Structure formats: C-alpha cells, structure tokens
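Asks: First, the structure itself, so that you have it in front of you.
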Ligand SMILES: *Cc1c(COP(=O)(O)O)cnc(C)c1O
C-alpha cells in the first residue's frame, strides 16, 4: 500500500468545481493585485481568529518579516525564539538585521521551554517569537507575563497553528501580532504561497498594510521602507473556498491522531505527541519519537509510507548561524528532537485502512528493530 505524507489531490477532488469557479472569477475580472477577495479573506480570518485586524501578505515568512519591520525591529535588536523550528522563524529575524537568541524546547511538546526565556533577556531584547509547532500553541501565559514584565513585543509564529486554541483562545490572538502561512502543506493551504498577519492594534494593522506595499503612503510617498509583501487575489479566492471546511479538516486530523495514539498505546518504544490539557492541537503534523529514527524512516519509505523529519538540524547548528557562537550541546532537547522524531501522514482524508497500515509498519519496525 502507498500512503503519501500529504495527499492534496484528495482534498482538491472535493473542491474542484468551487475552486475553479472562484479562480475563474478572478481571471475574468483581471484584478490580480488588491482585488475584493483579499478584503473578504482578511475579514473572515480576523473573525475566525477573534482579532480586530488581519492583513494578507505574500507568505508566512513575509508575515514574520512585515511584523518585525512594522514594529521597527532591526539592527542592534535581539529577538528571543526557539532553537527548534522551521528555518523561516529565525531567517526572518536575521533578514531584518536583528540577532536571534535561542532558547531550548520542552522535550514533550517540542515548543519553547518558557522557564528558560528570562535568562535569555538582555537590554537589547525587543521581542519574543514563540512558535506553535506542529499545530499546538506554546505556553502563552508565562510568555505574555514575561513580555509584560520586561516590556517586550510578542510575535507569534502561528504558521502551523491556524485555528489551534489555548484555554479556548485562538492562536495569533495572544501576541502583538500573529503570523500565518498558507503554504500548501499547512492546514489552510493556498494555490501557492500566501500568508496573513493578525493583530488587535489598529495603528499597527495600518503600518502592516503600508509595509506590504513598500511603506507607501500616500501613493509614491515613502516615510520609511517596506517591501512587496502583497497577497494575490487568486490566492485569496482559493483560500475563501477552503475557509468553510477548515474546522472539519482540523477535526479529521484530530480523529486520525486519536486512532494512531490508540494503535501505539502500550508500546513504550513509540512516544506519541503530548498535547497539554489546556491546548487543542490542529495537528499540522503528527510527530512520534522512535529508536533508530533514520532506519525507521528508511523502512517506512521502503514500505510505501510517506514520512518526513521536521527538522533534522536545530537552528543553532545551522551553518549560516555559526557566527552567533552557539555550539552543539547548548540546546540538548532541540538536538535530541532533531535526531529522534519523525512525522507520519495525518491529513484528514486518510482512511482507517491507511492509518492501520502506517501504524502497523511503525510497530513492525520497533518490535523487530530492523
Ligand atoms: C511554514 C512555516 C513558516 C513560513 O511560511 P511560508 O509561507 O512557507 O513562508 C514559518 N514558520 C513556521 C514554523 C512554518 O512552519
């Protein structure tokens, strides 16, 4: 049996006509940049996330960069973030000229260990950038307390967390800004690249709108430098079709996670995801720890099971960040996670038969230690 890590064709099959109609409407209008679909998507995302304002941008990466730029974070500033994340989190801090300062993760949730944040604060610290990895929120209560106490901004990297909640409150609604990605593999995936910044701060939303259009205001007048971070109308049109299905897709992923959890129950070699009782995950990824991870990955691939390692190298070990002066051993939980974890297929359209096949192959591997 072949089970891909993600099967976007299965989702598209249920949305084909609606999506083609929506894209066609944009084609007929020839209004590709700044069309009405963008405002409608911003309105719906703001309502969905329980925030006042949403600003469509060109990617999740650009959502982070536009947040940093609009908040005036750059050269000479430090931003505290996790050592274990997708590269864009740290790349965005670097690209605005600020210095990323890493903190280790919790070994069970893979999110930033909030007990280690205060020790990383210096007089140069301007912001904390927590990541809601794999679809589960970082522990925002202590993060917001620390930020308030030290007068720091909070930029939530919620690229993997749209719709996830903590004590019933939505990802992206805690911080100064919340940043989402519509990369096709995210729970809300576009027809290409796209992203969104949400905020409760109206003046900041205005700066973000200006920032995505070269900082221009009024037309051809620039008091400061932004970029071209605009979201295309075609992306917004495609995403609007998907908005109505998002909650049911989240529910499908949760149900699939529960099925894996019960199939793996009692096998101590397989460490299933820990979701805090105050969190509801959207399971952008379903991550397990297994012994001999690389051999396990090879066995699964040979068996037709799509799987991936998110992520094989912690941020402080990336070649491009060596000048920051970190060394191996500095963030042991991040390093361990990079060596021991693997992602299994979790997309909502998976059948029970496919889930049982995937789980069966993982169990076969750990019992026989291939
Ligand atoms: C996907 C992702 C991003 C970047 O989003 P893009 O839309 O691909 O630019 C940033 N941070 C995290 C944690 C992500 O998973």
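Every number here is computed from the coordinates shown, using simple stated rules; none is lab data. Values in this document were obtained by computation on a predicted structure and should not be read as measured data. Note: ideal-geometry Cβ built from the backbone for every residue, glycine included; neighbour counts use all protein chains shown.
Asks: Does residue 279 fit the bill of being buried (at least 20 other Cβ atoms within 10 Å of the Cβ), in contact (Cβ under 8 Å) with a residue 60 or more places away in the chain and more than 16 Å from residue 346 (Cβ to Cβ)? First the steps, then the outcome.
Replies: Numbers: buried (at least 20 other Cβ atoms within 10 Å of the Cβ): yes; in contact (Cβ under 8 Å) with a residue 60 or more places away in the chain: yes; more than 16 Å from residue 346 (Cβ to Cβ): yes.
For residue 279, the condition - buried (at least 20 other Cβ atoms within 10 Å of the Cβ), in contact (Cβ under 8 Å) with a residue 60 or more places away in the chain and more than 16 Å from residue 346 (Cβ to Cβ) - is met.
Asks: Consider the stretch 169-181. How many of its residues are assigned to a loop (DSSP other than H, G, I, E, B) and more than 13 Å from the ligand (Cβ to nearest atom)?
Replies: At the first step, the residues of the stretch 169-181 found to be assigned to a loop (DSSP other than H, G, I, E, B) are 171-176.
Remaining after also requiring more than 13 Å from the ligand (Cβ to nearest atom): 173-176.
Qualifying residue count, the stretch 169-181: 4.
Asks: Related question: Name the residue, out of 184, 218, that is part of a loop (DSSP other than H, G, I, E, B) and more than 16 Å from the ligand (Cβ to nearest atom). Steps first, answer last, please.
Replies: Working: 184 fails: more than 16 Å from the ligand (Cβ to nearest atom).
Selected residue: 218, the only one of 184, 218 that is part of a loop (DSSP other than H, G, I, E, B) and more than 16 Å from the ligand (Cβ to nearest atom).
Asks: Among the residues of the stretch 63-114, which ones are surrounded by 24 or more Cβ atoms within 10 Å (Cβ to Cβ), farther than 20 Å from residue 285 by Cβ and without any contact (Cβ under 8 Å) to a residue 40 or more places away in the chain?
Replies: Listed by number, the residues that qualify are 92, 93.
Asks: Then there is this: Quick check: is even one residue across the stretch 27-43 more than 16 Å from the ligand (Cβ to nearest atom), surrounded by 17 or more Cβ atoms within 10 Å (Cβ to Cβ) and farther than 16 Å from residue 230 by Cβ?
Replies: no
Asks: Right, something else. Restricting attention to the stretch 83-110, which residues are in contact with a helix residue (DSSP H, G or I) (Cβ under 6 Å, 6 or more places away or on another chain), in a loop (DSSP other than H, G, I, E, B) and either away from the ligand (no atom under 12 Å from the Cβ) or over 21 Å from residue 329 (Cβ atoms) (or both)?
Replies: 83, 96, 104, 107
Asks: Provide a single number: the residues in the stretch 49-82 that are within 15 Å of the ligand (Cβ to nearest atom) and assigned to a loop (DSSP other than H, G, I, E, B).
Replies: Of the residues in the stretch 49-82, 2 are within 15 Å of the ligand (Cβ to nearest atom) and assigned to a loop (DSSP other than H, G, I, E, B).
Asks: Scan the stretch 15-28 and give yes if some residue there is touching a helix residue (DSSP H, G or I) at 6+ places or on another chain (Cβ under 7 Å) and over 14 Å from residue 238 (Cα atoms), otherwise no. Spell out the reasoning first.
Replies: Step one: filter the stretch 15-28 for residues touching a helix residue (DSSP H, G or I) at 6+ places or on another chain (Cβ under 7 Å), giving 15, 18-19, 22-23, 25-26.
With over 14 Å from residue 238 (Cα atoms) added as a condition, the list becomes none.
No: zero hits.
Asks: Just the residues that are part of a loop (DSSP other than H, G, I, E, B), more than 16 Å from the ligand (Cβ to nearest atom) and closer than 30 Å to residue 347 by Cα, please, taken from the stretch 221-245. First the steps, then the outcome.
Replies: Kept after step one, since they are part of a loop (DSSP other than H, G, I, E, B), are these residues of the stretch 221-245: 221, 223-227, 229-231, 244-245.
If we keep only those that are more than 16 Å from the ligand (Cβ to nearest atom) as well, we get 221, 223-226, 244-245.
Residues satisfying the conditions are 244, 245.
Asks: Sort through 207, 253 and tell me the only one that's under 30 Å from residue 19 (Cα atoms) and surrounded by 18 or more Cβ atoms within 10 Å (Cβ to Cβ). Walk me through it before giving the result.
Replies: Values: 207 fails: under 30 Å from residue 19 (Cα atoms).
One residue alone meets the criteria, 253.
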